[in-house]
1. For a quick check of your reading of the model, give me the residue pairs whose first member lies in segment 28-52 and is part of a helix (DSSP H, G or I), whose second is surrounded by fewer than 16 Cβ atoms within 10 Å (Cβ to Cβ) and among the hydrophobic types (A, V, I, L, M, F, W, C), with beta-carbon atoms closer than 6 Å and at least 6 apart or on different chains.
2. Among the residues of segment 29-50 satisfying the criterion of being surrounded by 14 or more Cβ atoms within 10 Å (Cβ to Cβ) and more than 8 Å from the ligand (Cβ to nearest atom), which is nearest to residue 7 (Cα to Cα)?
3. Could you list, in sequence order, all residues of segment 62-83 that are of a type in the set (A, V, I, L, M), outside any loop (DSSP other than H, G, I, E, B) and in contact (Cβ under 8 Å) with a residue 24 or more places away in the chain?
4. I need the full set of residues from segment 51-75 which are more than 16 Å from the ligand (Cβ to nearest atom), within 13 Å of the chain's Cα centre (by Cα) and of a type in the set (A, V, I, L, M, F, W, C), in order please.
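What follows draws every value from the coordinates through simple rules; no lab data is involved. Given the structure is predicted, the values throughout are model-derived calculations rather than measurements. Here the Cβ is made from the backbone with ideal geometry for all residues, glycine too, and neighbour counts use every protein chain on show.
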Amino acid sequence: MIGPSARWERFAARRRARAAGVAEHEPDERYNCQKCEYTPWPCSEARTRLLKSFGGDRMALMTYLGVHLTRALQALPDTHPALIVGQIVHWVPRRRH
Ligand SMILES: [Zn+2]
């Protein structure tokens, strides 16, 4: 369950980001992209930005996505967890050997 304070924090963060003009490709409460409506987050633009902002630090990116995965699983209780894992995590390119 997501408590009222977490909900408030999320609302406040979104409002701050929107005021700063950077809330572009963030997930909404149903884990669709806020900008690309009805496109599951991360959309292709969000994926590009995430890969760029985390550089080669795959572990940090996976940790970040792990947090989103936890939230998405809570946000989408009627969606099969495997589909959510695919959406949130499995788009990350595999490590090159
Ligand atoms: Zn988007």
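1. What qualifies is 47/91.
2. Restricting to residues being surrounded by 14 or more Cβ atoms within 10 Å (Cβ to Cβ) and more than 8 Å from the ligand (Cβ to nearest atom), the top hit is 29.
3. Scanning segment 62-83 gives 62, 65, 72, 75.
4. Passing the criteria: 61, 62, 67, 69, 73, 75.
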